[in-house]
Structure formats: C-alpha cells, structure tokens
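All remarks here apply to the structure that follows.
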Amino acid sequence: MSGFLFVVPPLVGHINPTVGVAAELTARGHRVAWASADPGLVRRLAGEEAVVFPCAGPVLTGEDGVRPAELRGPEALKFLWERFLVPLAEAMAPGVRAAIGEFGPDVVVADQQAFAGGLVAERLRVPWATSSTTSAEFTFADALAGMPKVADWLDTLLHDLRGRIGDPSGTADPRFSPHLVLAFSTPELVGPGAGAGAGDRIRWVGPSMATRPTSAGFPWTWLDPARATVLVTLGTANTDVGARFLAECRDALRRRADRVQAVIVDPANVLGANGDLDDLNDMGEKDDKDDKDDKDVLIRSSVPQLPLLERVDAVVCHAGHNTVCEALWHGVPLVVAPIRDDQPVVAGQVVDAGAGIRVRFGRVTAPKLGAAIDAVLHEPGYRAAAEWIRTAFRAAGGARTAATHLEELAGATPSKEAP
C-alpha cells in the first residue's frame, strides 16, 4: 500500500479530473489525501469522507483580487501569474509541507497550476507527478521558444519562487515533473508532436471521468426527443463576462425552435428572471401560474453535465478543457468561443481536429452563432471527428491508466484494478 497526496488549486476544473484517479487508487487499497486552499470544495467534489489538509490561499482584496473582464492576451497571462499563481504557491507552501510531514506520501500529485506541490516535494525529496488538467500548457511551453522575452520573464518568476519556497539548487519546472506528467487528453485532440519538449515523461491518459454529486430536480421530461438538444455553458469561472454571449445564444436557438431545443447554464442569472426557468416545476411541467412559452429554451443555474451530455447533440462553450473533453468523450461536436487563458489554445485543438467551429466570444451575433450551430448539427464531418476522438479518449484508459502510472512511480506493485 502506498500513499498519494494530491495538491490542487481551489478550481473546480482542476480538481474534477483528479477525483476519479483518487477514487481508483483508493479502490486499489492505497492511502489518498489532498492539500488545498479550499477543503470544502474538495470534499464537495471528491466526497465528504475525503482527507484534506488545509492550506492558506492568497490574500487578494479589492482590485488585486478581481481580474478585469476585458483583460486578454499577454496582460491576462501577466495577471494570472503575478496576481494568482505565484501568490497561491507561496500561500500554500507551508500547508503542503505540513501535509507531507503528517501524511507521509510516497508520491505527491501536483496540479500544473499548484506550483507549491512540485517545489515543496522537490525540496523534501519526495517523488512527484504533474497533474496536467489542460493540454494547452504543452502547446504554450513549446511556443515559448518563439517568445524569448516571455520565456525569460516566466523563468525569472519561477526561479525567484523556488528560492522562496523550494530547493534553491533545484532545477525542475514545477509545471512538468521530471518523473511523470499525467496528461488528461490524447494526441488525437492535442495534435501530433505536442509536448515534445517534455520528453517521454508524458503519459496521455485521456479524460478522467468520475461520478459527481448532482443536485436533484433537473426536469428530464422537458427534453423533447423529436428535436436536437444543444447545451450552452461557460463553465464555473466566466460568469462575470457571459451576459451578452448567452443572450445571443438564446436568441439564435429560439429562432430554431422548430427543430432545436436548448439548455443554457446561467449560474449568475445574467439573463435575468425569465419564464424558461421559473415556470417549470421539477418534473419539467409548466406551472399554471404563467402562460409564457418555455418549451424551447431551458435556463438553469446548474445542470448535471455528464448525464446531460449523453442526451445532447451539440455543445456551445468557452473551450474550457474539461467541458471540451467531456463533450468529446460523448462524441458530441462543439461550437467554441474562447475567452482567455488556455481557452484559445483548446479551441484551436477542437478546430484542427475537425470536431467543431470557433466563433468570436466578444463579437459573435445570433445569426453567426446559429449558422455555426446548424453546421455542427447537420454537417456529418464534425460528428465523425468528435466520435473519432471519443474512441481515442476511451482507449487511453483515463483514471485507471493514471492510477497505474502513479503506482509505478511509487514503486508499488500495481494492484488488481477495481472492477
């Protein structure tokens, strides 16, 4: 039996892929624990029984804690590193050190954006693996060769950070473990040659899919099997910028109500009060108190995304890595509208693989959105490409394959896999 400590940032999209891996390791008889700045979030996603060592988070207040919605490109990258990733690493480092000391892991599994995991593990001479929950980092790392000033700036940031919380004599990039990098995708999506600079330590395991807690009450009977269903979602981290885009989606889909129905995820209620959500009871039936037409667009603050993806025909999203991989796991083509961070890279992967169409998040109109949705619904090439990636994803092994690689790094004899 070996021990595995998962070090994760307080971000849903970075925790979800590791939940299945942790569950698989537990099922094989290993000890599993977590280190996070948001223990409550980890327990909500991984289960209340999860062992979580609390870490501090960065103290960000006022303008320092809120990234301006209009920030894009290099300025968004600068903000992400200087205002979030580096402060997060410094804040988490003492908690990670304490967790390693108390839990005694054989392997630390550090998220690619939780730098404290890799740097502290290197300092304490504990083998560590990288959990790469977005494949964009491989493409970005390769692209830095053509951006020497950006590369030098990042090298300086990481060098200084290592001096403060890691081993000053260490050499490992905390985004890429020298021992093992678990990439939750496959070359069929990422593209041939991606991550070549990281060598043979990358293991393409495909998406890690695990059962998630879901709230009751989704109106499944609302779905009309006679019409195509489109899911629209901008994930959990983009609610501040989505109002215009979601409104254009709603308008485009309502114009196709004779053949298409839509489920729009609107956690911040940016579309405002409407009959689409409020007039449906939990059985998906219309309440008598209102006579608004709500049969075409259903707006919900949250949805059971994985079960819903089994029943949709297309997804419109921000090109977040998790949403893209979950859609393609189900063979569902996409319309992608990247906003910032890794999303433009992931959107490019979708387009290059032939599994979707890219539109401009800030400028797209309902007619252009409608044309893109029509294309992925009715032109067979998009679905064929999505199904090809689905086959590759499922063959990669997901959580089971990732767990086996971690066992090998721990020097453990791989256990019999859980059924």
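For the reader, a short list of remarks on this structure follows.
- Of the trypsin sites (Lys or Arg not before Pro) found in the range 76-133, those in coil by DSSP whose Cβ has at most 10 other Cβ atoms within 10 Å are Arg125.
- Sorted peptide list for 164-174, 109-119, criterion being average Cβ within 10 angstrom, highest first: 109-119, 164-174
- For the pair the range 148-164 / the range 11-47, the C-alpha centres are spaced 30 Å from each other.
- Annotation: extensible slack from Arg363 through Lys295 equals 21.7 nm (criterion: 0.36 nm per residue apart, minus Cα-Cα distance).
- Positive minus negative residues near Asp352 (Lys, Arg vs Asp, Glu; Cβ under 14 Å): 0
- 3J(HN,Hα) from dihedral phi, the range 106-120, Karplus parametrisation 6.51/-1.76/1.60, rounded to Hz, x for glycine, proline: 7, 9, 9, 10, 9, 4, 5, 10, 9, 4, 4, x, x, 5, 6
- When Trp34, Trp153, Trp220 are sorted by how many other C-beta atoms sit within 10 angstrom of their C-beta, beginning with the fewest, the order is Trp220, Trp153, Trp34.
- FRET efficiency estimate (nearest 0.05) - Cβ-Cβ, Glu75 to Glu310, R0 30 angstrom: 0.15
Only the coordinates and a few stated rules stand behind these numbers; no lab work does. Being a predicted model, the structure only gives us computed values, none of them experimental. All Cβ positions, even for glycine, are placed from backbone atoms using ideal geometry, and neighbour counts span all protein chains on display.
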